[in-house]
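Remarks on the structure that follows.
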């Protein structure tokens, strides 16, 4: 089902705007390589970062700062060609056995088949809140912007400025929400051919290695957590941080519903076999 022409034009405009925007960021300043040795590289004076995977190992990096709320953008160009078995991740996570986590995961596939964009939210070590999507473009041919907005009201996942998922703070209804544990930003490229592509039926073709994903234009308006204190500790719209109270207006809600209607391929809130005793409580509450 195609969107109305005017909406298609809007999506294209937002995509081009997102790709062409210039952010003031530098991977040397904001991140550190954590594993994979020379499979992870910071290039172009800090403007570009690449992760690679071969039979020996994958690779990954993490942010130098930890955050308690933020609006984060990253542009990614995913592994092209036959990427079956590979997983590229981009996520926020806290420490400890009862961790919080906000996930973007990109599950590779055979050439010509679409990537699966996998999202999840963990609170105090409990996840099981998966929603999966296909995309309305080829994520391997150019860079696209993947965004996480995390504030006290909720979590919004967006692609090229288009919201695809919202996880609202429903603590008043007994639903746990990540709000107390500061999280670091992580990313990795690794082999998961035991489950990633068609449930593990399609294995990684190592003759295509090395597999490479690229990152650029990291942009973060965040509350940095340091020494037990948040840089946004005074609360409210601090320093122009309107995102701390940002929500979806009617137009963006309609765009999210369009994406979910046309591109969502899995929603835990409709998986009756998985939850025979009843869906999680947030599934019965309006987003």
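Quick note: the coordinates plus some simple rules give every number you see, no bench work behind them. Predicted model only: the values in this text are computed from it and were never measured. So basically every Cβ, Gly included, is an ideal-geometry build from the backbone, and we count neighbours across all protein chains shown.
Cut-off 10 angstrom, C-alpha nodes, Gaussian network model of the chain. Which of 199, 228, 36 fluctuates the most?
Looking only at 199, 228, 36, the biggest GNM fluctuation is shown by 228.
Over the residues of segment 170-287, compute the C-alpha Rg and express it relative to 2.2 N^0.38 Å. Could you put the intermediate results ahead of the total?
Working: Rg = 20.0 Å, N = 118, 2.2 N^0.38 = 13.5 Å.
Cα Rg divided by the expected 2.2 N^0.38 Å: 1.48.
What residue among 166, 208, 71 has the largest mean-square fluctuation in a Gaussian network model of the chain, using Cα springs under 10 Å?
Its mean-square fluctuation being the largest, the pick is 208.
For segment 129-228, what is the relative contact order in percent, using Cα pairs closer than 8 Å and at least 6 residues apart in sequence?
12 percent
Normalised by the number of residues in the chain, what is the relative contact order in percent for Cα pairs under 8 Å and 6+ residues apart?
The normalised contact order for the chain reaches 25 percent.
Helix-derived [θ] at 222 nm for the chain: sum -39500 (n - 2.57) over DSSP H runs of at least 4, divide by residue count, nearest 500?
Mean residue ellipticity, 222 nm, calculated: -3500 deg cm²/dmol.
Can you tell which of 184, 274, 198 shows the greatest fluctuation in a Gaussian network model of the chain with Cα springs below 10 Å?
With Cα springs under 10 Å in the chain, the top fluctuation among 184, 274, 198 is at 274.
If R0 is 25 Å, what FRET efficiency do you get for residue 269 and residue 180 from their C-beta distance, rounded to 0.05?
With a Förster radius of 25 Å, E is 0.50.
Students often check this: by mean Cβ neighbours within 10 Å, which of 44-56, 247-259 ranks highest, and how do the rest follow?
Result, highest mean first: 44-56, 247-259.
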